[in-house]
1. May I ask you to list the residues of the stretch 1-15 whose amide nitrogen lies under 11 Å from a point 7 Å from Cα along the Cα→beta-carbon direction of S22?
2. Once you have the Cα-Cα distance between V2 and A14, take 0.36 nm times their residue separation minus that, and quote the gain in nm to one decimal.
3. With θ set to phi - 60°, apply the Karplus curve 6.51 cos²θ - 1.76 cosθ + 1.60 along the stretch 18-24 and write out the HN-Hα couplings as whole Hz, x wherever there is a Gly or Pro.
4. Given H placed 1.01 Å from N in the peptide plane, which residues other than close sequence neighbours of T7 have an amide H under 5 Å from its amide H?
5. How many nm separate the modelled label positions at E36 and E54, each set 7 Å beyond the Cα in the direction of the Cβ?
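Laboratory data are not the source of any read-out in this text; all were calculated from the coordinates shown. Remember, predicted model here, so these are calculated numbers, not experimental data. All Cβ positions, even for glycine, are placed from backbone atoms using ideal geometry, and neighbour counts span all protein chains on display.
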Amino acid sequence: MVGLIITAHGGIAAEILRSATSIMGPLPQARALAIERGADPEAVYTQLSQAIDEVDADGDQPLSEQARR
């Protein structure tokens, strides 16, 4: 399965994921990442890197490698 990360300001990402889950059922390889106003870019990078690792379904981590360059 392809991993999915939804990023958006405030609670929008969580609501999009909640809507998708209500239509599709459980989405174990999906994460929502909220980016709040004034968020520290390094903290966002860390959260995004963690989300990439969590949704990496097959372990070959192409996004993880690209994101860390």
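1. Flagged as within label range: 15.
2. Details: separation 12, 0.36 × 12 = 4.32 nm, distance 1.84 nm.
Result: 2.5 nm gained on full extension.
3. Couplings: 4, 5, 4, 5, 5, 7, 8 Hz.
4. The answer is L33.
5. A separation of 1.6 nm, rounded to one decimal place.
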